[in-house]
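Below is one structure, written out as structure tokens; comments come after it.
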Amino acid sequence: MLSAVGFPLMETGVTIPGVLAILAVCAIAAAWVTWHYQLETKGLSLEYLETSTKP
């Protein structure tokens, strides 16, 4: 729904540098989420990882 409302606004109001800035912010946010929620597996056995990461 957000894209249905936001796309017409972005189509008329955002220039190419603005779109690139939005994409850069999304990429930085994705990198932060990946870094913040990564599993540290150094020193852990495969058996432990298999049992501890199952839902």
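The values are calculated or read from the model by the stated rules, or taken from the named source; none is laboratory data. Everything quoted here is computed from the prediction, not taken from an experiment. Cβ placement follows ideal geometry from the backbone for every residue including glycine, while neighbour counts extend to all protein chains displayed. For the accessible areas, the whole protein counts, side chains as well, though only heavy atoms, and no ligand, DNA or RNA atoms are used. Shrake-Rupley method; radii C 1.70, N 1.55, O 1.52, S 1.80 Å.
Brief remarks follow.
- Taken per residue, the accessible surface of the chain reaches 95 Å², heavy atoms only and a 1.4 Å probe.
- Once the Cβ-Cβ distance of Ala24 and Tyr48 is raised to the sixth power relative to R0 = 22 Å, the FRET efficiency obtained is 0.05.
- HN-Hα J in Hz across region 4-15 - Karplus 6.51, -1.76, 1.60, θ = phi - 60°, x for Gly and Pro: 5, 7, x, 4, x, 5, 6, 5, 9, x, 10, 7
- Paramagnetic label zone (point 7 Å from Cα along Cα-to-C-beta, Met10; backbone N under 13 Å) in region 17-55: 17-27
- The Cα-based radius of gyration and maximum Cα-Cα distance (Dmax) for the chain are 19.2, 54 Å.
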